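Some notes on the structure that comes next.
The values are calculated or read from the model by the stated rules, or taken from the named source; none is laboratory data. The shown structure was predicted, so the numbers you read here are calculated from the model rather than taken from an experiment. In this analysis, Cβ positions are derived from the backbone assuming ideal geometry, glycine residues included, and neighbour counts consider all displayed protein chains. To get the accessible areas, we keep the full protein, side chains included, count just its heavy atoms, and leave off ligands, DNA and RNA. Shrake-Rupley method; radii C 1.70, N 1.55, O 1.52, S 1.80 Å.
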Amino acid sequence: MKLYIKYMVSMRCTSIAKKALADLGYPNAVSGKGQIQLAKDLKAADRKTLTSLLKKSGMVLLDKEKSQLFEAIDLTLDELLHKTVAPSPDIIPQLIEKQVNESYQKLTHLIAEVKGISMDHYVLISRIEVVKEKLIYEDLNLSALAVKLGFKNRSTLAYQFKKVTGLSPTFYKVLRKKRFKEAI
């Protein structure tokens with residue numbers, strides 16, 4: 001079972017959520033991308049207690065319908081961005097809307113509720129995550145990545161990458177290579 005927790009953005013938030021779940025008898029929760037994966041469903045009383053504990057820390061547990069819709073958005077976006085050439089970022093929201101069969105307004109509201117950002121910003125962050133992945137595992141140059149992920153050019157990609165991550169793509173690539181060498 002996956003639970004999406006609104007504004008679970010830091011290790012501190014993840015730790016709070018994992019501890020709360022462990023205290024309720026769900027010790028093996030695995031987290032990632034603002035979600036907690038549980039081996040078994042939460043009991044109604046445990047859900048109520050967890051909701052209360054998270055609320056004290058400024059987080060909100062999403063209901064099943066919103067969790068499923070957000071997961072569908074996330075999966076669709078991931079599929080779109082991993083195509084041979086990703087669609088233009090301008091049409092990605094409409095493609096998601098069509099794929100998950102929900103209104104644009106509902107989708108943007110949900111993304112704002114779950115992530116605290118706009119859909120456009122969520123798409124940008126997701127595109128940058130794919131760039132990071134490609135820099136590490138496929139060793140593509142920035143010009144090729146810019147074309148593949150719908151950036152206007154290499155410079156725009158580098159600018160957006162730095163804006164989102166705080167690092168240049170080149171620095172990120174060198175840093176990751178260094179870490180991989182040290183791990184071996």
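Key figures for this structure:
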item: When residues of segment 83-113 are limited to those that are β-branched (Val, Ile, Thr) and assigned to a loop (DSSP other than H, G, I, E, B), the one nearest to Ile125 (Cα to Cα); result: Ile91
item: Segment 121-142: number of residues that are in a helix (DSSP H, G or I), at pLDDT below 95 and open to solvent by 60 Å² or more (accessible area, probe 1.4 Å); result: 3
item: Verdict on Ile5 being open to solvent by less than 30 Å² (accessible area, probe 1.4 Å) and at pLDDT 80 or above; result: no
item: Contacts under 6 angstrom Cβ, first residue in segment 153-181 being in a loop (DSSP other than H, G, I, E, B), partner among the basic types (Lys, Arg), 6 or more apart; result: Ser168/Lys162
item: Per-region count, segment 51-78, residues without any contact (Cβ under 8 Å) to a residue 24 or more places away in the chain and of a type in the set (A, V, I, L, M); result: 1
